[in-house]
1. Whether any residue in the range 416-424 is in a loop (DSSP other than H, G, I, E, B) and surrounded by fewer than 23 Cβ atoms within 10 Å (Cβ to Cβ) is what I want to check.
2. What's the number of the condition Gln403 fails, among (1) of a type outside the set (Asp, Glu); (2) surrounded by fewer than 17 Cβ atoms within 10 Å (Cβ to Cβ); (3) within 26 Å of the chain's Cα centre (by Cα)?
3. Can you run down the residue pairs with Cβ atoms below 9 Å, 6 or more apart or on separate chains, where the first is in the range 299-311 and in contact (Cβ under 8 Å) with a residue 40 or more places away in the chain and the partner is aromatic (Phe, Trp, Tyr) and in a strand (DSSP E or B)?
4. Using beta carbons and a limit of 8 Å, which pairs, at least six apart or on different chains, have the first residue in the range 76-100 and in a helix (DSSP H, G or I) and the second one among the hydroxyl-bearing types (Ser, Thr, Tyr)?
5. Please go through the range 489-501 and give me each residue that is crowded, with 18+ Cβ neighbours inside 10 Å and of a type outside the set (A, V, I, L, M), ordered by number.
6. Evaluate the range 470-491: report whether one residue or more is in contact with a Pro (Cβ under 7 Å, 6 or more places away or on another chain), of a type outside the set (S, T, N, Q) and closer than 23 Å to Ile414 by Cα.
7. Only one residue in Asp355, Asp412 is modelled with pLDDT of 95 or more, at negative phi and among the acidic types (Asp, Glu). Which one?
8. Where residues in the range 34-72 are under 22 Å from Ser287 (Cα atoms) and not aromatic (Phe, Trp, Tyr), which of them is nearest to the chain's Cα centre (by Cα)?
Amino acid sequence: MKENNGAEESKAAEASLPSSAKVYVSGKLHPDIRVPFREITLAPTKSLNGEIEVNEPVRVYDTSGPWGDPDFRGDVSQGLPPLRAKWIRERGDVEEIEGRAVKPIDDGWLSEGHARSAQQKHRTPNAQHPTPNEDSSFVIRHSSLPMRRPLRAKPGKVVTQLAYARRGIITPEMEFIAIRENLGREAHRQSGSDKFEIRNSDNCFDIRHSTFDIARNDLRFAHAGESLGANIPDEITPEFVRAEVARGRAIIPANINHPESEPMIIGRNFLVKINANIGNSAVASSSEEEVEKMRWATKWGADTVMDLSTGKNIHATREWIIRNSPVPIGTVPIYQAVEKVGGRAEELTWEIYRDTLAEQGVDYFTVHAGVLLRYIPLTAHRATGVVSRGGSIMAKWCLAHHQESFLYTHWDEICEIMAAYDISFSIGDGLRPGSIADANDEAQFAELYTQGELTKRAWAQHVQVMNEGPGHIPMHMIKENMEKQLEWCDEAPFYTLGPLTTDIAPGYDHITSAIGAAIIGWYGTAMLCYVTPKEHLGLPNKKDVK
């Protein structure tokens, strides 16, 4: 441990990533905070006259969690230490509950006997520790960590980071994020960089001007740019984090039942984040592979992970992922709900969906509540119709019953559940275009407008919200998506899949999506969903995830 600019640090060599070390910086408002970075050692520079110039190491954002620290001794059968457990309990607004019992149907089994029979086929004789397929209930029998019961907000209490921010409270999560987002900006400021910066009236760095007085080989140098309405300060403070969350421009996905996660933020005035999708299916992958994919994705920089499992053991697989994940986990509850009814979307009910929203610890849910009955006919003349799985499930239900979506009619009840655990909304884009021919059509924008309505209703109950976006959009039509989302959704964070800028590159969609992602990231998107070469072709494996 040593002091550096007033922050306490500890380092450990990382054998798997040479010339780098895991560094931890402590907080000031909350001294028990330890914020992780990866510090990369730079080779010295040899000048023309033969002199050797030592280059200071560079720190980068690190999402690998304890798994990326060689000093950490753990395994998936134990799960990660509950980093945030003390912070959550010290606020005094949560209570332990018995929790809803996991039923065989949650994992797609018809009965206890059906589950035992199927799982018996996967057992490994004489295994010292259970694997995900051997013990779907995830009872961590060999864990050195205390067993945890589910938490819920006490009656009359609101436990969301949005509620705390509106009350002027700077939580440990907010200070953790401020340190993490700065990446050493404070040290540069203290070294005298202020005199080179041109600020606007809000004391924010004006990126329309380059830092022309700084040498180009200085890390503080930046070209002139265009912010397009973003307002990023030269130093991220805990108060700035609080203000952005209170405004609804940023979210901190942090379910009180996922204390293993390291706090992060999603918003246009912060670093653009990347989500990685994983998930097993009825025809490929297993729980073990999905846990390993999650660890692999976070090692290489995934800021969040979405579990999109559609096969058996959905509940069990997700439990193993959550308990071992240092980043927020998202999911789509309708996928699990439809498994409970054998894949027959028309048999879904509000009660089945509601029971899927359990106390497991998912940090954000994708809910396709903007797919309304009256919008479905708008897709009739599309080239590719409704391509979203969640959107097609709800469209089929609406048409079968000729009723409005139960996700829309029960929105306020869903908000109550989300608020009790601090689960964030990722309002789904169920009518997103599946081809550039359908880009920016009436169906897509009708749903986006409804997303804005749902966003404001969720904010009224102190629930954090981000909005999902397209999809397949040609380059010249991308900006309109960002402008309408900012206007209709009141600057809530935008989370987009790409967008893919062409339809004619199967096997290369990681490239077509990167083009769209770079453009919409500049325009203001807060989080981008990764796209692998397997997009449109199959399920990604571990190699594709990297």
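The values are calculated or read from the model by the stated rules, or taken from the named source; none is laboratory data. From a predicted model like this one, the values you see are computed outputs, not experimental measurements. Methodologically, a virtual Cβ is constructed for each residue, glycine included, from the backbone with ideal geometry; neighbour enumeration extends over all protein chains shown.
1. no
2. Looking at each condition in turn, Gln403 falls short on (3).
3. Gly301/Tyr61; Asp303/Tyr61; Thr304/Tyr364; Met306/Tyr364
4. These pairs meet every condition: Trp87/Thr171.
5. Cys489, Glu491, Pro493, Phe494, Tyr495, Thr496, Gly498, Pro499, Thr501
6. Taking every residue of the range 470-491 in turn, none turns out to be in contact with a Pro (Cβ under 7 Å, 6 or more places away or on another chain), of a type outside the set (S, T, N, Q) and closer than 23 Å to Ile414 by Cα.
7. On inspection, the qualifying residue turns out to be Asp412.
8. Per the stated criteria, the residue is Thr63.
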